[in-house]
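Okay, structure first, notes after.
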Amino acid sequence: MSDQVKLIRKDLKKLKPAPNLLDYEKVYKEFTWEKAEEELIDFFDDGKLNISYNCIDRHAKGKNKDKVAFLFEGARGEKETYSFGDLKTLTDKFANVLVNQGVTKGDRVFLFLPSIPERYVAFFGTLKTGAIAGTLFAAFQEIALRDRLADSEAKVVITNAVLYPRIEKIRKDLPHLEKVIIVERGSIEQPRGAGLVFYNKEMEKSSSEFEIVHMDKDEYSYMLYTSGTTGKPKGVMHVHGDVLQAMVTTKYVLDLHEDDIYWCTADLGWVTGVVYAALGPWGLGVTQVLFEGRFSPENWYTVLQNYKVTVWYSAPTAIRLLMGSPVSPKNYDLSSLRFLASVGEPLNPEAIWWALEKFGLPFHDTWWQTEQGAITIPNYAVMDIKPGSMGKPLPGIVAAIIDDEGHELGDEQEGNLALLASSVSSMMKAIWKNEEKYNSYFMGKWYISGDRAMRDKDGYYWFIGRADDVINTSGERVGPFEVESALVEYPDVVEAGVIGKPDMVRGEIIKAFVVVKEGVAQTDELKEKLQQHVKKHLAGHAYPREIEFIDKLPKTRSGKIMRRILKAKELGLPIGDTSTLEDY
Ligand code: WT7
């Protein structure tokens, strides 16, 4: 396929300012993590570090004290500006709030908030104490919350009055949860109850000087739950040293320069939000935009225009929704834009051609995963783009296509996309309380991504698909097992099998095959009820957009649902090897 693609050629003379990465081949050859660390990271005198020091305090202590860190626009149109100096004071105060509540190094502190500045204050304040910050997506409902807060044994949750009722419902199942901190911004009436602490009051009381905790490079910083094919979501553990690859990629891939106004549209509840709307840009001391409002073409183009955004990092589903909208970007002044990038799911070539026509700029696809902690295979400002390709490995990183036995395959051969584990500086250090799962990611020296891909003869990597049943809907990873479990909780349901079905806009949608109890009418009304059930109890984004009633699910003799057969049937593909299939 790669022979036929039309290249998007880059002309170095036209790129202004000159990209941070000027010569990919040369830098790839000469790069070492040690040199990058020396250039980008500040350590304390004892050789330790803290992400929050690197992202906030060092800027606040230097010439960037008054530089804008955050341009915030709230859901109700309120506008606020925060300097690095402001953030230093606020995060120091918040660290004191936590310590006053009994938080110590290694405790888990979870953030369950919308996209408001307090979420960032809480995140970096938590890291200052040496506690582990966990972020949650505001669309999560009680099942998703219980799975994460119970498994992590979270001691503190920071939330608001709107979201708190979901925590209240499951509080009895969370014996380790001692304190809930309520952020009052734009509040409705405040909840009352034991163990509730109020953000504003505590912030007012606490000192604005905090002695930041010094951490080893491989001591935990943040954790994020991610879905696999089986079982509950797993806690992926990242460390303070991860800020290095976050910064290297923000510099070399997103190409941020000092004067950029940067907007990453990802939510802090997912890894892209943590790494590219927090660690990377602030590590480099760059100004970013935070927009709490909902997605709509008008809203987004207005943000890009009004804040004069220069670098924009977004996702394929959003781009495809913009493409499909009658609202044209040409009605806005987007002349400040100079670099566009995308992550989360395959970026179709049409989206790149569309951007080239509408913005005069292509999107640069980037590939990575929660487990990897930062971008690993991207396109670069300076490098020609082959639309449809994820790009080439980051300097420092060795990628390969391997077969199921761990042997490297040659160019143009499909196989498992793997990374040399030791070459990924920000690679997860553990799966929380699950060593077996952690070990299952590695085969000898290789980290196995779970994606299938191939490399062409020019060294570009091409995504082919997932090697497992994990669903990617609108760039969000959903485990079929979680959706199946939520469905079978509904009284009329006997069992359910869930797959990802290809979709033009969302990449995939969730489709459920449901077996109902005898005598239960298989109506559209029931489908609707099942959808509402999943939305209400698991998460707003993880419900099946399509439901089909079925008499029996295909299973292996040991009783495992064979989702691959459901998928083959759905797509009208050959069913393949069914030797392990129970009578069907
Ligand atoms: C999975 C990781 C890391 C950012 C957000 C998603 C898919 C991610 C791409 C891309 C094709 C992609 C893969 C991967 N994916 N980026 N550029 N092209 N697929 O993180 O939730 O950990 O999901 O998303 O299947 O394994 P995540």
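The values are calculated or read from the model by the stated rules, or taken from the named source; none is laboratory data. The structure presented is a predicted model; accordingly, all values stated were derived computationally and were not measured. All Cβ positions, glycine included, derive from the backbone under ideal geometry; neighbour counts span all protein chains shown. Quick note on the areas: whole protein, heavy atoms, side chains included, nothing else; ligands and nucleic acids left out. Shrake-Rupley method; radii C 1.70, N 1.55, O 1.52, S 1.80 Å.
Each part reduced to its alpha carbon centroid, segment 121-160 and segment 28-95 end up 21 Å apart.
Gain on full extension, evaluated as 0.36 nm per residue between ASP384 and LEU12 minus their Cα-Cα distance, stands at 132.9 nm. Among the trypsin sites (Lys or Arg not before Pro) within segment 248-357, those in coil by DSSP and having at most 16 neighbouring Cβ atoms inside 10 Å are ARG294, LYS308. According to the calculation over all Cα-Cα pairs in the chain, the P(r) per 10 Å bin from zero is 3, 17, 28, 28, 18, 6, 1, 0 %. Loop-resident GluC sites (Glu not before Pro) (DSSP state other than H, G, I, E or B) in segment 152-232 with no more than 12 further Cβ atoms inside 10 Å of their Cβ: GLU189, GLU209, GLU211.
Amide hydrogen proximity for VAL197: with H placed 1.01 Å from N in the peptide plane, the residues at 5 or more positions away or on another chain lying under 5 Å are VAL180, ILE181, ILE182. Backbone phi angles across segment 384-393, fed through the Karplus curve with coefficients 6.51, -1.76 and 1.60 (θ = phi - 60°), yield HN-Hα couplings of 4, 9, 9, x, x, 9, 7, x, 10, x Hz in residue order; Gly and Pro are listed as x. Karplus-based coupling profile of segment 219-232, in residue order and whole Hz: 8, 4, 10, 9, 9, 9, 8, 9, 9, x, 6, 10, x, 6, with θ = phi - 60° in 6.51 cos²θ - 1.76 cosθ + 1.60 and x standing for Gly or Pro. With a Cα cut-off of under 25 Å and a minimum spacing of 8 residues unless on different chains, the lysine pairs in segment 243-397 number 7. Residues whose amide H lies under 5 Å from that of ARG466, counting only those 5 or more places away or on a different chain, are ARG452; hydrogens are built 1.01 Å from N in the peptide plane. Less than 5 angstrom separates the built amide H of THR135 from those of LEU111, MET223, all sequence-distant by 5 or more or on a different chain. Stretching the chain fully between LYS205 and GLU518 yields a gain of 106.6 nm (0.36 nm per residue, less the alpha carbon separation). Using 0.36 nm per residue and subtracting the Cα-Cα separation, the extra length available between GLU168 and ASP218 on full extension is 14.6 nm.
Which value in deg cm²/dmol, rounded to the nearest 500, describes the helix-derived mean residue ellipticity at 222 nm for the chain, given -39,500 (n - 2.57) per DSSP H run of n ≥ 4 and division by the residue count?
Rounded to the nearest 500, the figure is -7500 deg cm²/dmol.
Rounded to the nearest 5, what % of DSSP beta bridges with both residues in the chain are antiparallel? In the chain, approximately 55 percent of DSSP beta bridges are antiparallel ones. For the residue pairs LYS48/LYS88; LYS128/LYS172; LYS10/LYS63, the alpha carbons lie more than 24 Å apart in LYS128/LYS172; LYS10/LYS63.
Taking all protein chains as they are arranged and a probe of 1.4 Å, the heavy atoms of GLU482 leave approximately 20 Å² accessible to solvent. Enumerate the lysines that LYS555 could reach by cross-link, defined here as Cα to Cα under 27 Å, with residues fewer than 8 away along the same chain left out. By straight Cα distance, LYS555 reaches LYS232, LYS234, LYS437, LYS501, LYS511, LYS517, LYS527, LYS529, LYS535, LYS567, LYS569. Remark: relative contact order (segment 41-91) = 32 percent; criterion is Cα-Cα distance under 8 angstrom and separation of 6 or more residues.
By its C-alpha gyration tensor, with a ≥ b ≥ c as the square roots of the eigenvalues, how is segment 471-571 shaped: rounded for a/c under 1.5, else prolate for a/b larger than b/c, else oblate?
Oblate.
Around the Cα centre of segment 41-452, unit charges on the Cβ atoms of Lys, Arg, Asp and Glu (plus for the first two, minus for the last two) sum to a dipole of about 1040 debye.
Computed from the Cβ-Cβ distance with R0 of 56 Å, the FRET efficiency linking ARG76 to LYS457 stands at 0.55. Residues of segment 496-520 with the amide nitrogen closer than 13 Å to a label point 7 Å from the Cα of GLU350, along Cα-to-Cβ, please. 503-507, by backbone N distance to the label point.
In this view, the solvent-accessible surface of ILE547, computed with a 1.4 Å probe and all protein chains in place, comes to about 20 Å². For the chain, the relative contact order works out to 13 percent when only alpha carbon pairs closer than 8 Å and six or more residues apart are counted. Backbone phi angles across segment 46-58, fed through the Karplus curve with coefficients 6.51, -1.76 and 1.60 (θ = phi - 60°), yield HN-Hα couplings of 7, x, 9, 8, 8, 4, 5, 5, 6, 8, 10, 4, 5 Hz in residue order; Gly and Pro are listed as x. Of the residues ILE561, SER221, ALA138, the one whose Cα sits farthest toward the positive end of the charge dipole of the chain, with +1 on the Cβ of Lys and Arg and -1 on the Cβ of Asp and Glu, is ALA138. Hey, if you put +1 on the Cβ of every Lys and Arg and -1 on every Asp and Glu Cβ in segment 41-452, which of ILE402, SER152, ILE431 ends up farthest toward the positive end of that dipole? The Cα lying farthest towards the positive end belongs to SER152. Measuring r between the beta carbons of LYS445 and GLU39 and using R0 = 22 Å, the FRET efficiency lands at 0.25. Using the beta-carbon distance between LYS330 and ARG557 and R0 = 41 Å, what value does 1/(1 + (r/R0)^6) give for FRET efficiency, to the nearest 0.05? It comes out at approximately 0.10. Taking GluC sites (Glu not before Pro) across segment 24-107, the ones in a DSSP loop with at most 15 further Cβ atoms lying within 10 angstrom of their Cβ are GLU78. So for the pair LEU420, GLU525, with labels modelled 7 Å out along Cα→Cβ, what separation do we get in nm? So the label points at LEU420 and GLU525 sit 6.3 nm apart.
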